[in-house]
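Please treat every number below as a calculation from the coordinates, not as lab data. If you're wondering where the values come from, they're calculated on a predicted model, not measured in any experiment.
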Ligand code: NCD
């Protein structure tokens, strides 16, 4: 996220809107996306691939680390050096923090970070900002609650940095053991972002324009017992949302486990499936801009 300023983001969102209006058919003809996902992914990988194919591009994939040469001991650096000769742009996800940055240093083609460990998930943030703007008709000066696993949730880390560029008022709602990492809070403070920390969700609900819920990141816990203690800490039901503003939208990067009850889907607040669809348009915009197919 630190690579982008408010203007860059505005450009991506503007182009994403054009993508949603289907203004750029066949834009990716003759282009190949390398899809390298070394960690489980449904939405991120498939929406990158769909983004490419829907505009006439092609995809080569090294989806499961086990079936590529990394299982034979090849370094990430070597894999990137080779695969970058087979395609025009790479989208990657890796369990190691900083993996995408390292990959970007190994090649001249664009590397897009689809999630690096618990660190960052910037394309998710771009689609989140697009969705926030779509539902609230503006991006500046909104009140946003971030709920759930703020410690390990990479979508949260990137979104907090993204919202910092748009004068957001942020409510961090989590059990103390899963609150926001200190370095990120310091960064927000330096940028003058107004935020508060909360353990209880109910008092925060009526205050916000966006409630951004997240899954407790089971796979990042060192201690299974610690996970058991917090796994069901917030379970959003229609009752939880009864005091929300009419225009409040509930977002979630998905997958959800138990944190949003299925009966919430039918409320006017639920917006997570539309949010997931927006991933295709935002990734199309990002690919077009990084490949120089559209001008900023
Ligand atoms: C998120 C991720 O992978 O960080 N999922 C996604 O990309 N939509 C959130 C999660 O796994 O909980």
**OP:** Quick one: grab the alpha carbon gyration tensor of the stretch 1-50, order the square roots of its eigenvalues as a ≥ b ≥ c, and give me rounded if a/c is under 1.5, else prolate or oblate depending on whether a/b is larger than b/c.
**Re:** oblate
Original post:
Does anyone have the angle between helix 122-136 and the longest principal axis of the chain? Alpha-carbon axes, 0 to 90°, nearest 10?
Top reply: 50 degrees
Original post:
Please state the relative contact order of the chain as a whole percent: Cα pairs under 8 Å, 6+ residues apart?
Top reply: 19 percent
Subject >> Relative contact order of the stretch 47-120, defined on C-alpha pairs under 8 angstrom at six or more residues apart (%) >> reply: 25 percent
**OP:** Any chance you could give the angle, 0 to 90 degrees and rounded to 10, that helix 272-290 forms with the longest Cα principal axis of the chain?
**Re:** 40 degrees
**OP:** Any chance you could give the angle, 0 to 90 degrees and rounded to 10, that helix 154-164 forms with the longest Cα principal axis of the chain?
**Re:** 80 degrees
